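Asks: The structure's right below; bear with me while I get my questions together.
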Amino acid sequence: MRKFLSLLLCLSLLLCAIPAMAELADGTFTGAGVGMGGDVNVTVTVEGGKITAIEVGAHNETPGISDPAIEKIPAAIIEAQSTEVAAVSGATLTSDAIKAGVAAALSGETAEEAAVVIPFEQPDVIVIGAGMAGLTASVRASELGANVLVFEQFARVGGSAAVAGGSIVGAETIIEKEAGIEDSIDLLYADFPRLGGEGNFNPEVARKFAERAGTAVDWLDTFVGVNFGERMPTYGSYEPLNVNRVHFAVPENGDVSKSSGKGGTGFISALMKKLDEYIAGGTACLLTETPVTDIIIENGTIVGVIASVNGVETEFRAPSTVIATGGYGHNEAWLKEFNFTNVATSTPASASGSGYDFARKAGAVFSGMDFCTAYGGAIPVTGFTKSLAANLYTNPGPIWVNLNGERFTNEANADSKVRSDAWTQAEENKVFIVYTDSVINPEMPMITGAADAAAALAELIEAGEYVFKADTIAELAAKAGVNAENLEKTIAAYNADCAAGKDSAFGRETDLRPLEEGPYYAIMTIPYVLITSGGPQINADAQMVNANGEAIPGAYLAGEIVGMGNVCGHTTIGGIGHGNCATWGMIAAENAVANAGK
């Protein structure tokens with residue numbers, strides 16, 4: 001029932017090497033493998049029975065991150081005359097896609113386009129998106145007896161969760177009780193205002209989340225079969241909660257480390273396994289590589305969607321539609337409309353913001369859009385998609401200044417919130433990392449994201465567009481576009497504080513090293529996002545509401561599009577992202593099924 005023929009072909013081909021060299025016919029062949037952003041197309045040239053060239057063609061992989069794989073994997077295959085070569089660290093999905101594409105090209109087989117066959121006459125519930133929220137909604141709606149039709153724009157399910165950690169928050173869970181942890185819904189709700197959310201969240205929505213988050217964790221645990229490993233909740237990775245209630249899923253690959261691996265895959269694999277049971281039973285249908293391009297509205301009610309099926313715009317109707325399309329972190333227009341002048345992204349292409357477009361068309365009211373957690377230090381060499389960043393962590397000697405040439409924080413001791421605020425509030429969202437050779441550790445790279453950081457930094461300095469070098473402060477300011485007079489005053493004041501052993505401006509106590517002798521350097525950086533925090537307003541039943549506070553019939557939301565800021569305010573709570581996916585996925589499904597009369 002699913003358009004997985006090409007994916008299955010590529011996966012099967014990866015299980016073995018390409019044919020022996022003697023079996024290869026001369027010619028030029030094309031194939032494709034599935035990467036993070038969809039198909040990665042390759043063209044393979046064979047001469048004299050040997051692979052002589054591999055060209056990576058059209059793809060939607062993340063610039064910077066995928067570049068090492070695109071550069072190294074073809075060369076490695078040519079050298080080995082086999083696809084059995086090691087993936088490039090940090091670009092495994094792209095590496096595997098290239099290898100699968102080469103294997104497909106040389107196999108002599110082609111994957112035919114699968115016909116769209118829906119096993120039921122009329123879906124009760126349409127789900128847009130097969131990330132964690134969409135899969136949760138699909139499984140829960142199927143469990144309740146509905147016929148469920150799921151659309152996913154890419155060949156791979158999982159969305160942002162496929163590249164995320166495995167934390168999820170919930171109170172009064174079975175796992176907490178097993179561990180002897182006393183918790184309550186009231187305590188979870190109390191954490192929202194206590195940690196900075198006061199006045200910034202929807203009390204009705206926040207209370208519903210607190211009430212249902214624990215049951216969502218239990219459902220994933222006992223019904224879906226998610227592996228929670230050690231089954232020992234913690235405070236999480238951000239502001240400490242008042243109770244250990246952040247649970248951790250084990251990644252699909254079995255890595256139980258809480259600080260590494262991609263635990264989100266543990267949720268996705270378990271949910272997909274459960275959804276497959278309903279697909280096999282004929283009550284669910286998942287169409288991958290089938291983007292929803294529009295919603296159908298009749299008399300103010302959402303009655304279905306328009307999806308691109310094999311390139312043909314096709315109508316699908318249902319009494320209820322769950323919009324689980326993720327956030328807008330990969331949509332530059334939305335980010336610049338509500339949050340930033342300059343910004344980069346590290347979110348997957350699946351966070352395209354399409355659901356926000358649908359909500360705006362339906363007359364939804366947006367809430368919490370002014371708040372968007374950002375990370376600092378992106379160097380916009382690849383435009384909107386983040387690839388390189390300044391090293392703000394293991395080389396804390398530099399100072400940070402804005403376009404006006406002024407320091408604005410204690411750089412060496414800035415926590416995640418201070419860093420986020422620094423870049424979010426800076427003029428044009430530009431922050432300059434200013435240093436001299438004497439204040440840095442030469443063993444620590446000044447930039448991250450490049451295989452050879454030193455060489456990349458040298459190239460950036462030579463180009464003089466994002467990294468600047470000068471013999472004097474005034475010359476540096478002129479190159480970087482920073483206020484020269486203020487920068488000279490700032491560095492003079494900072495050097496005096498270093499000599500006195502006390503930062504009179506911001507109380508910095510560590511790594512007080514004067515910037516006394518040139519050459520001087522400045523790295524121009526902007527913020528980048530991993531998740532968005534605002535979204536269309538909803539009620540406690542996960543229904544979109546209009547300006548009058550009335551529910552928009554037929555429409556339900558789940559996941560990142562709900563906006564964690566609308567649930568817990570202007571703060572970051574460990575596990576809130578996956579919590580919104582599971583909790584609102586269940587609530588949306590339950591009400592969508594009831595609306596469909598099932």
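The values are calculated or read from the model by the stated rules, or taken from the named source; none is laboratory data. Quick caveat: nothing in here was measured; it's all calculated off a predicted structure. Here the Cβ is made from the backbone with ideal geometry for all residues, glycine too, and neighbour counts use every protein chain on show.
Asks: Got a number for residues in segment 139-172 being farther than 30 Å from residue 122 by Cβ and either without any contact (Cβ under 8 Å) to a residue 40 or more places away in the chain or in contact with a strand residue (DSSP E or B) (Cβ under 7 Å, 6 or more places away or on another chain) (or both)? Before the answer, list the steps.
Replies: Filtering segment 139-172 for residues farther than 30 Å from residue 122 by Cβ gives 160, 162-172.
Going one step further and asking which of them are either without any contact (Cβ under 8 Å) to a residue 40 or more places away in the chain or in contact with a strand residue (DSSP E or B) (Cβ under 7 Å, 6 or more places away or on another chain) (or both), we end up with 160, 166-170.
Total satisfying the criteria: 6.
Asks: Looking at (1) surrounded by 14 or more Cβ atoms within 10 Å (Cβ to Cβ); (2) free of Cβ contacts under 8 Å to residues at least 60 places away in the same chain, can you tell me which one residue 491 breaks?
Replies: The number of the failed condition is (2).
Asks: Out of the residues in segment 112-162 that are on the phi < 0 side of the Ramachandran plot and in contact with a Lys or Arg (Cβ under 6 Å, 6 or more places away or on another chain), state the one that is surrounded by the fewest Cβ atoms within 10 Å (Cβ to Cβ).
Replies: Initial filter on segment 112-162 (on the phi < 0 side of the Ramachandran plot): 112-128, 130-144, 146-157, 160-162.
With in contact with a Lys or Arg (Cβ under 6 Å, 6 or more places away or on another chain) added as a condition, the list becomes 114, 124, 139, 146.
Details: 114: 16, 124: 23, 139: 30, 146: 27.
For segment 112-162, the residue satisfying everything is 114.
Asks: Then there's this: Evaluate the following for residue 424: is it in contact with a Lys or Arg (Cβ under 6 Å, 6 or more places away or on another chain) and not in a strand (DSSP E or B)?
Replies: Numbers: in contact with a Lys or Arg (Cβ under 6 Å, 6 or more places away or on another chain): no; not in a strand (DSSP E or B): yes.
No, not satisfied.
Asks: If you don't mind, another one. Only residues in segment 586-598 that are in the same structural domain as residue 208 (by TED's automatic domain parsing) and within 18 Å of residue 131 (Cα to Cα) count as the first member; pair them with residues that are of a type in the set (Lys, Arg) and surrounded by fewer than 24 Cβ atoms within 10 Å (Cβ to Cβ), Cβ under 9 angstrom, at least 6 apart or cross-chain, and list the lot.
Replies: 586/212; 587/208; 587/212
Asks: Kindly indicate whether residue 514 is in contact with a helix residue (DSSP H, G or I) (Cβ under 7 Å, 6 or more places away or on another chain), more than 30 Å from residue 557 (Cα to Cα) and either surrounded by fewer than 22 Cβ atoms within 10 Å (Cβ to Cβ) or assigned by TED's automatic domain parsing to the domain that holds residue 558 (or both). Show your work before the answer.
Replies: Values: in contact with a helix residue (DSSP H, G or I) (Cβ under 7 Å, 6 or more places away or on another chain): yes; more than 30 Å from residue 557 (Cα to Cα): yes; either surrounded by fewer than 22 Cβ atoms within 10 Å (Cβ to Cβ) or assigned by TED's automatic domain parsing to the domain that holds residue 558 (or both): yes.
In short, yes.
Asks: Could you tell me how many of the residues in segment 289-309 are buried (at least 22 other Cβ atoms within 10 Å of the Cβ) and touching a Leu at 6+ places or on another chain (Cβ under 8 Å)?
Replies: Qualifying residue count, segment 289-309: 1.
Asks: A further question on this structure: Tell me, please, whether a residue that is within 13 Å of residue 531 (Cα to Cα), β-branched (Val, Ile, Thr) and at pLDDT below 95 can be found in segment 324-345.
Replies: Taking every residue of segment 324-345 in turn, none turns out to be within 13 Å of residue 531 (Cα to Cα), β-branched (Val, Ile, Thr) and at pLDDT below 95.
Asks: Are any of the residues in segment 112-123 assigned to a helix (DSSP H, G or I), touching a strand residue (DSSP E or B) at 6+ places or on another chain (Cβ under 7 Å) and not β-branched (Val, Ile, Thr)?
Replies: At the first step, the residues of segment 112-123 found to be assigned to a helix (DSSP H, G or I) are none.
Checked segment 112-123: no residue is assigned to a helix (DSSP H, G or I), touching a strand residue (DSSP E or B) at 6+ places or on another chain (Cβ under 7 Å) and not β-branched (Val, Ile, Thr).
Asks: Scanning for something of a type in the set (D, E, K, R) and under 23 Å from residue 418 (Cα atoms), does segment 343-359 turn up at least one residue?
Replies: Residues of segment 343-359 of a type in the set (D, E, K, R): 357.
Subset that is under 23 Å from residue 418 (Cα atoms): none.
Scanning segment 343-359, I find no residue that is of a type in the set (D, E, K, R) and under 23 Å from residue 418 (Cα atoms), so the answer is no.
Asks: Residue 333: crowded, with 23+ Cβ neighbours inside 10 Å and either without any contact (Cβ under 8 Å) to a residue 40 or more places away in the chain or over 19 Å from residue 558 (Cα atoms) (or both), yes or no?
Replies: Spelling it out, it is not the case that residue 333 is crowded, with 23+ Cβ neighbours inside 10 Å and either without any contact (Cβ under 8 Å) to a residue 40 or more places away in the chain or over 19 Å from residue 558 (Cα atoms) (or both).
Asks: Just wondering, is there one or more residues in segment 453-461 that are more than 26 Å from residue 335 (Cβ to Cβ) and under 25 Å from the mean Cα position of the chain (by Cα)?
Replies: The answer is yes; a qualifying residue exists.
Asks: Additional query: Return only the number of the condition from (1) in contact with an Asp or Glu (Cβ under 6 Å, 6 or more places away or on another chain); (2) crowded, with 22+ Cβ neighbours inside 10 Å that residue 384 does not satisfy.
Replies: (2) is the only condition that residue 384 fails.
Asks: Within segment 383-398, is there a residue that is under 28 Å from residue 475 (Cβ atoms) and among the aromatic types (Phe, Trp, Tyr)?
Replies: no
Asks: Is it the case, given these coordinates, that residue 413 is under 30 Å from residue 335 (Cα atoms), polar (S, T, N, Q), at pLDDT 95 or above and touching a Ser or Thr at 6+ places or on another chain (Cβ under 8 Å)? Quick ask: steps written out before the conclusion?
Replies: Working: under 30 Å from residue 335 (Cα atoms): yes; polar (S, T, N, Q): yes; at pLDDT 95 or above: no; touching a Ser or Thr at 6+ places or on another chain (Cβ under 8 Å): yes.
Answer is no for this residue.
Asks: Among the residues of segment 407-428, is there at least one that is basic (Lys, Arg), surrounded by 13 or more Cβ atoms within 10 Å (Cβ to Cβ) and more than 25 Å from the chain's Cα centre (by Cα)? Before the answer, list the steps.
Replies: Step one: filter segment 407-428 for residues basic (Lys, Arg), giving 407, 417, 419.
After this cut, where a residue has to be surrounded by 13 or more Cβ atoms within 10 Å (Cβ to Cβ) as well, the list is 407, 417, 419.
In the following step, the residues that additionally are more than 25 Å from the chain's Cα centre (by Cα) were identified as 407.
Yes.
Asks: Would you confirm, using the coordinates I've provided, whether residue 241 is under 25 Å from residue 183 (Cα atoms), not in a helix (DSSP H, G or I) and not basic (Lys, Arg)? Step through it out loud before you land on a result.
Replies: Details: under 25 Å from residue 183 (Cα atoms): yes; not in a helix (DSSP H, G or I): yes; not basic (Lys, Arg): yes.
So residue 241 fits the description; yes.
Asks: Among the residues of segment 543-585, count how many are in contact (Cβ under 8 Å) with a residue 60 or more places away in the chain, in a loop (DSSP other than H, G, I, E, B) and closer than 29 Å to residue 299 by Cβ.
Replies: Final tally of qualifying residues: 4.
Asks: Do you know which of the residues in segment 30-74 that are among the hydrophobic types (A, V, I, L, M, F, W, C) and under 19 Å from the mean Cα position of the chain (by Cα) is farthest from residue 265 (Cα to Cα)? Explain how you work it out, then say what you get.
Replies: Here is the first cut: in segment 30-74, the residues among the hydrophobic types (A, V, I, L, M, F, W, C) are 32, 34, 36, 40, 42, 44, 46, 51, 53-54, 56, 58, 65, 69-70, 73.
This time we only want the ones that are under 19 Å from the mean Cα position of the chain (by Cα), so: 34, 36, 65.
Details: 34: 17, 36: 13, 65: 19 Å.
So the residue we want is 65.
Asks: Follow-up question, since we're still on this one. Here is a list: 482, 434. Which entry is modelled with pLDDT of 95 or more, assigned to a strand (DSSP E or B) and surrounded by 20 or more Cβ atoms within 10 Å (Cβ to Cβ)?
Replies: On the way: 482 fails: assigned to a strand (DSSP E or B).
Answer to the check: 434.
Asks: For residue 270, are the conditions met, namely being closer than 16 Å to residue 130 by Cα and either small (Gly, Ala, Ser) or under 22 Å from the mean Cα position of the chain (by Cα) (or both)?
Replies: Working: closer than 16 Å to residue 130 by Cα: yes; either small (Gly, Ala, Ser) or under 22 Å from the mean Cα position of the chain (by Cα) (or both): yes.
Answer is yes for this residue.
Asks: Examine segment 165-187 for a residue that is assigned by TED's automatic domain parsing to the domain that holds residue 236, assigned to a loop (DSSP other than H, G, I, E, B) and at pLDDT below 95, and state whether such a residue exists. Full working, then the answer.
Replies: Going through segment 165-187, the residues assigned by TED's automatic domain parsing to the domain that holds residue 236 turn out to be 165-187.
Keeping just the survivors that are assigned to a loop (DSSP other than H, G, I, E, B) gives 165-166, 170-173, 179-184.
In the following step, the residues that additionally are at pLDDT below 95 were identified as 165-166.
Checked segment 165-187: at least one residue is assigned by TED's automatic domain parsing to the domain that holds residue 236, assigned to a loop (DSSP other than H, G, I, E, B) and at pLDDT below 95.
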